[in-house]
Every structure is written in C-alpha cells, then in structure tokens.
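A quick write-up on the structure given underneath.
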C-alpha cells in the first residue's frame, strides 16, 4: 500500500520538478494554525512567503494556494506556485489541505462547510484579524477593508475546487483560478452522460480506487499525525459520508434510498450545488487530456457563473490528469517551472490577478473562451464555447450520413459479456508508469457508424451530443426492479480513423450511460474534445457494451439499434471549421 500510495500521490498532486535552490527576493516562514472546520478544530500546516520590501507601510496583495489530492504544501507544484508569485511581489500562503501533509482532520472532499471554513481561517490571518499559533501576524497584506485582505486563490484539481468552496461562504476572495477540477463529483466518479441526474452512472472504479487508496495511505505517507485525522464509517482517513459513498459505489448496486443519499452527498460537496453563492471573478482552466475531470465539468461551471453574472473566463489547455501531468506541451503552463510570463495560460493568470488584485482595471484579461490546438500554433478563441452546428445520422448499413434521406433501413445488434470487452484506458497508467495499450473493442460487443473519407480537415471544439433509441427486451424485464444497477449501461465514443485503418480515441475519452428507460429515446452528452480530423480520415461513432475502466452491466443484455429515414439516431457536433458532407 505504501509504495502504490506514494506513486499515486505525487502525480495527482500536480507534481513537477522542484526548482533548484530558492529564488532570492522573499523569505519563507513555516507556520501552524488551528482553525475551526465544521464541528472540529483542525491543525493546518502552512508556509508564508514574504517578498523583500513588503511591510506595513508598503503592503502587497496575497495569493493563497494548496495542494492537489495526495499532496501537501511541499509538493513540487504547490511550492513552485507560491515561489512564483512571491518572486513577483505577492505575499503567498501555501498550505496542506485538511487530511494531507502535516494538516489534521479527516479528508472531507472540499466540503464548503469544512474545508472552505478552514481556508477562511487562513484568510483571517492574511486580513490581520488573527495570528498563527506561534503569534506571527501578517500586517503587510493590502486590504479592501478591515479584516478583508486583497487575496486571490490558485491551484489545481483538489486545490481548484477548494477555491469555489471557500468563496461560496466567504465574500473576501477577490479572484479565483481553479485548474483541472470538478463541477459535480457524482458525475466525476460515477458518470451518467444521459443527462439524467436522478440515475447513477457507471462507476469509474480505477480513478476512484486510486484516490481512495491514496487517502487511506496518508497515515503511512505522513507518520506521526494527530488523532484528529481518524476517519469515520469504517475508513481510516475519510469522513464518514465520503467513506459510505465509496463503499456503495464499490458494491455495484444502487438501491434507491442509499443511492439518493450518495448522490446528495457527492453533489453537496461539489460546486454544482453552491456555485450560486460564488461571486468572486473566476478564471477557469481545464485540461483536454483528462478522463477524470473532463471539459464538460469546466463548461458546466462556466455557464453557471456566467448566467448569474459572476465575471468569468474559460481556457481549455492541453494537459490534465491523464497521460502524466509533469510534461505539458511545449509552450504550455508548467506549474513546477512557474513559467507564467512565457506561457499563454500563465500570462492570462497574471493579467487576471493584475486586474483583480492590483486593481488595474485597464488590464486586458483576454477572451471569454480559449482553447489549445495541437495542429497549429497559438490558442483558438471565441466569445463562447462553440454550439452544436452539424448533424449526422446513423444509417442501418453502419454509415454516418449528412441527410436523413440517405439513411438505409436496417437493424444491428451487439451484446455484452460477463467481463469487459472494450478498453479505453488504464486510468492510472500515465501517472504510475504502468504499461498502457491502444483502445480496442471486441467484435460483436459494439456497433460503429462511420463517415466516408473527409474531403477537407474538420475541426471539432466542444462536447458532441447523440440522440439514441435502443431495443433491449432483457433490460425491459428488469429495469424497474428498484435497483438502478439493473438498467442498461453502454459507452459512447468518437474515433478518428486514418486511411490505413489506425484508430485514435481522442484523449481516450468515453461517455458512460446508464439508460433511464430503454423504451424511450435518450440523449448522450459526450466528453468535450478539441480535435482536428485530417483530410482523408473518417469519423467513427461507436456504442460499446462495456469499458474496463468502469463497472458495467449486471447480467447479459443484448441491444438492437434500428434505423429508418424518419426514425434514427442523430449525432451532433460542434464543428468550427470544415464540412462533414
């Protein structure tokens, strides 16, 4: 357990090579705080970075940052972020999140009433209304009013959601920069892309098990921690509700009452529930290579903030949790290097803080939406995420056609087996060095529909959507049993097929679906992508019976998909350039 926990902890903490030596121009002071968090008092381990020349007469704005899941204030990226901003004249406070590093209390998944309240205690320190446990005070932070420091927050993954959880209950944060984080933890860990929030999805067991192991291993990774770290519900280091949620997911069963409780808890600690209380200007940065927290999560947060009038921008960068996070594409933001001025995302972050922390209202904070393109230099920009603009129809002969009149009547069947027969990813391969293999589907256990060779390149930016209808008598007989696990599960995805037949599953993304009712049509939101389908390539839409990174069907459930010109499945794509006709 220790070896695997240590291997997982570094990458999921957004690890990167530590900076050699310590930059001149600031001092670092280790501090301890005792903060109120929920019904507990928790010890918080922190480091205060104070720039040279900053004092009571020459105050500076502050930046608060914390670690990703499994990390601490000392991991490569958290420390590097604090140093990067301290070197630029900001007072920086880096701390280990509750349950990690040298901080006490169980892991509570960034609950705004626990983790958010703890972060507010640190804002009190920056605002001068409280001292650290050793009496240290920060009387050199710029303020907007008594006890109200001018403070921004930045961090990734677990260190991203904590910003929203803090701002939901505390109006003092002036600017947020959450990177590669979640909107709805129920969707993240048990996704149902059928747009049915009342029905659980397919358990993402590889990612979730990795997190659970990492959390439970904290006592081994950080020996000598206080007794406040003891968890509940049968777990060593998680709060009871988080422990109960993980245990229910692992059973593969979804009895109604326990499932409703699980979904309520997972959403209750998620921005999806409390975003309406977040008023701080928010720059959202999400990764395209991310099967843990995909682009759809960022877009959901962006749209919610935008709709309520909260100032917000969104960037889709290249790297996320998948494929190893310590090697961003050339020119991309590298948290471990702190290359803010030389990367597009870094410059956007600096401008965001320049405007909202330094008060330079003339600062251009960039377009509303920007996305990394691996096929040409620079970022693409738009006033909003692109809308669905092209429709393709599922023909009975396995083709994707651009007009209903071209649909051929036909019926095709696939059936699942007791073991998974499709492979998209080994979720932790890129983070642990484990071997990985190409995505694949076993004949007879999936259906595919393909365009002809494209006459010109096609650029897709955003989340495709499919409207489907399937026939499954075996599912009809059991889907109303009272256990949602008896409903049909399928996996939708898009391949890029080269002229030589080589298939690429873009960033290994799939859309798990637990069909609400097989007697009715349903809509599937696929994960967002930024991808260029080259001339001569084909776009293939696949519906598979299983995926070995997820829990799937209970029992054998054959599926038939029928097509007719007036009644067939539809695939919609957010195409920004090119024609599929």
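The values are calculated or read from the model by the stated rules, or taken from the named source; none is laboratory data. Not measured: the values here are computed from a predicted model. All Cβ positions, even for glycine, are placed from backbone atoms using ideal geometry, and neighbour counts span all protein chains on display.
Restricting the search to the stretch 143-158, which residues are part of a loop (DSSP other than H, G, I, E, B) and surrounded by fewer than 17 Cβ atoms within 10 Å (Cβ to Cβ)? Talk me through it step by step, then tell me what you get.
First, pick out the residues of the stretch 143-158 that are part of a loop (DSSP other than H, G, I, E, B): 146-147, 150, 157.
Within the stretch 143-158, 146, 147 meet the criteria.
Mind checking whether some residue in the stretch 262-270 is part of a loop (DSSP other than H, G, I, E, B), without any contact (Cβ under 8 Å) to a residue 24 or more places away in the chain and within 18 Å of residue 97 (Cβ to Cβ)? It would help to see each step written out before you state the result.
Narrowing the stretch 262-270 to residues part of a loop (DSSP other than H, G, I, E, B): 269-270.
With without any contact (Cβ under 8 Å) to a residue 24 or more places away in the chain added as a condition, the list becomes none.
No, that holds for no residue.
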Any hit, the stretch 123-142, residues being assigned to a strand (DSSP E or B) and over 20 Å from residue 36 (Cβ atoms): yes
Any hit, the stretch 74-84, residues being in a loop (DSSP other than H, G, I, E, B) and either modelled with pLDDT under 95 or more than 24 Å from the chain's Cα centre (by Cα) (or both): yes
Which numbered condition residue 362 misses (of (1) touching a residue at least 12 places away in the same chain (Cβ under 8 Å); (2) under 27 Å from residue 278 (Cα atoms); (3) surrounded by fewer than 19 Cβ atoms within 10 Å (Cβ to Cβ)): (1)
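Every residue in the stretch 85-102 that is assigned to a loop (DSSP other than H, G, I, E, B), crowded, with 23+ Cβ neighbours inside 10 Å and over 24 Å from the mean Cα position of the chain (by Cα), please.
Answer for the stretch 85-102, where residues must be assigned to a loop (DSSP other than H, G, I, E, B), crowded, with 23+ Cβ neighbours inside 10 Å and over 24 Å from the mean Cα position of the chain (by Cα): just 90.
How many residues does the stretch 500-524 hold that are farther than 23 Å from residue 436 by Cβ and surrounded by 17 or more Cβ atoms within 10 Å (Cβ to Cβ)? Step through it out loud before you land on a result.
Taking the stretch 500-524 first, the residues farther than 23 Å from residue 436 by Cβ are 513-524.
From what's left, surrounded by 17 or more Cβ atoms within 10 Å (Cβ to Cβ): 513-516, 518, 522, 524.
Here the count works out to 7.
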Residues being within 25 Å of the chain's Cα centre (by Cα) and in a loop (DSSP other than H, G, I, E, B) - total across the stretch 55-73: 7
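In this structure, is residue 181 farther than 16 Å from residue 62 by Cβ, in contact (Cβ under 8 Å) with a residue 40 or more places away in the chain and buried (at least 19 other Cβ atoms within 10 Å of the Cβ)?
On the way: farther than 16 Å from residue 62 by Cβ: yes; in contact (Cβ under 8 Å) with a residue 40 or more places away in the chain: yes; buried (at least 19 other Cβ atoms within 10 Å of the Cβ): yes.
Judged against the criteria, residue 181 is a match.
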Sole exception among (1) farther than 19 Å from residue 549 by Cα; (2) surrounded by fewer than 22 Cβ atoms within 10 Å (Cβ to Cβ); (3) free of Cβ contacts under 8 Å to residues at least 40 places away in the same chain for residue 196, by number: (3)
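Mind checking whether some residue in the stretch 339-347 is farther than 18 Å from residue 371 by Cβ, touching a residue at least 60 places away in the same chain (Cβ under 8 Å) and part of a helix (DSSP H, G or I)?
no
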Counted residues, the stretch 52-68 - those being in contact with a strand residue (DSSP E or B) (Cβ under 8 Å, 6 or more places away or on another chain) and more than 20 Å from residue 352 (Cα to Cα): 4
Residues satisfying the stated conditions in the stretch 222-256, i.e. farther than 25 Å from residue 39 by Cβ and surrounded by fewer than 20 Cβ atoms within 10 Å (Cβ to Cβ): 223, 250, 251, 252, 253, 255, 256
Verdict on residue 281 being at pLDDT below 95, in the same structural domain as residue 77 (by TED's automatic domain parsing), surrounded by fewer than 24 Cβ atoms within 10 Å (Cβ to Cβ) and touching a strand residue (DSSP E or B) at 6+ places or on another chain (Cβ under 8 Å): no
Strands (runs of 3 or more DSSP E) fully within the stretch 437-495 counting 3 or more residues that are under 21 Å from residue 528 (Cβ atoms), in the same structural domain as residue 542 (by TED's automatic domain parsing) and in contact with a strand residue (DSSP E or B) (Cβ under 7 Å, 6 or more places away or on another chain): 458-462, 465-468
